[in-house]
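Below you'll find the structure, written out as structure tokens, and then a few comments.
The values are calculated or read from the model by the stated rules, or taken from the named source; none is laboratory data. Note that the structure is predicted; figures quoted are calculated from it, not measured. FYI the Cβ positions are ideal-geometry reconstructions off the backbone, even for glycines, and counts take in every protein chain you see.
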Amino acid sequence: MAKNVCAICGAEVNLFSGQQLADKNYICRKVCAKKCLKNFDFVPATLDEVRSHIEQVEKGTKAWNQIFIPLQKTKVKEEKLKRFGSDIYVSPSTGLMALVETRYKFIVFGKSQFACVYRIADLAAYEYEQEKVKNSEGKEETKHYCHLFFHNTAGLYDFRFNVSNSLEYKKLAEYFDKMFGIEKTLGNAMNNAKKQWAAIKDVAGAVKAAASGAEDAEAKAAQAAESVGNYLEGDRTELIAKADAALATVK
């Protein structure tokens, strides 16, 4: 049986003890693959992406322990964590959110937690998905998921997690829509219209400046891009500042 070498730790691996990546590199299942979260898909990943994810988990676990764990015990309403499903924790007061994986030792005695921590402002999309599967009795049942996508993120930047039903997903979507100021409600229609008009004016100004060769064309283009982004995703400036300040305290 052909043997290969783990591209991270150098351990010798074979068909059963190694995981092949998209770029034909191998990593060992016993040590290096376990440094990744179960949500990470090795098949389409390259070695650089695996290394980025391992670093992401190392930093995320530190942030989970130093920022989120203390907040689980807080009695301050504004600092309380919001939980979705069994794996997602959101901290509005710090501008951060975490995907947490709990691993148990000896069935239920002792556990370890590993995490990827994200800036809430980098959440680009949250979509509902469902699948028909057969349970252990051979009966068909529906599984419900929420699929999250993050930009400006190396490593694990898109994944899905279980939700109880479409109603739980709806609560999550409404929660983030409200946080980003993009509520899809009649009462918010006027606010969205103002954002849209501001974006249109900025884009028109950028086009005009570029056509006339104006010195501030580049600045106007940047302003236009920001306006369009704010219209589509909401203004996330405050969330970014909170997240960066919180992450700066992690040692």
Of all residues in the range 37-53, how many are of a type outside the set (Gly, Ala, Ser) and in contact (Cβ under 8 Å) with a residue 40 or more places away in the chain? 9
Taking interchain pairs and intrachain pairs at least six residues apart, which have beta carbon atoms under 9 angstrom, with the first residue in the range 85-96 and assigned by TED's automatic domain parsing to the domain that holds Phe68 and the second part of a strand (DSSP E or B) and of a type in the set (Asp, Glu)? Asp87/Glu101
Residue in the range 59-82 that is farthest from Ala245 (Cα to Cα), counting only those that are charged (D, E, K, R) and surrounded by 13 or more Cβ atoms within 10 Å (Cβ to Cβ): Lys82
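This table checks each residue for (1) under 22 Å from Thr61 (Cα atoms); (2) surrounded by fewer than 16 Cβ atoms within 10 Å (Cβ to Cβ); (3) at pLDDT 95 or above.
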{"site": "Gly85", "(1), (2), (3)": "yes, no, no"}
{"site": "Ile88", "(1), (2), (3)": "yes, no, yes"}
{"site": "Met97", "(1), (2), (3)": "yes, no, yes"}
{"site": "Val108", "(1), (2), (3)": "yes, yes, no"}
{"site": "Asp122", "(1), (2), (3)": "yes, no, yes"}
{"site": "Glu137", "(1), (2), (3)": "no, yes, no"}
{"site": "Phe149", "(1), (2), (3)": "yes, yes, yes"}
{"site": "Leu167", "(1), (2), (3)": "no, yes, yes"}
{"site": "Gly181", "(1), (2), (3)": "no, yes, no"}
Return a yes/no flag: does the range 144-152 have any residue that is assigned by TED's automatic domain parsing to the domain that holds Ser164, in contact with a Ser or Thr (Cβ under 8 Å, 6 or more places away or on another chain) and not basic (Lys, Arg). yes
Among (1) in the same structural domain as Asn152 (by TED's automatic domain parsing); (2) within 22 Å of Ala115 (Cβ to Cβ), which single condition is Ile27 missing? (1)
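Considering only the range 53-69, state which residues are out of contact with any Leu (no Cβ under 9 Å at 6 or more places or on another chain) and more than 19 Å from Leu81 (Cβ to Cβ). Walk me through how you get there before you give the answer.
Residues of the range 53-69 out of contact with any Leu (no Cβ under 9 Å at 6 or more places or on another chain): 54-55, 58, 61-62, 64-66, 69.
Ile54, Glu55, Glu58, listed by residue number.
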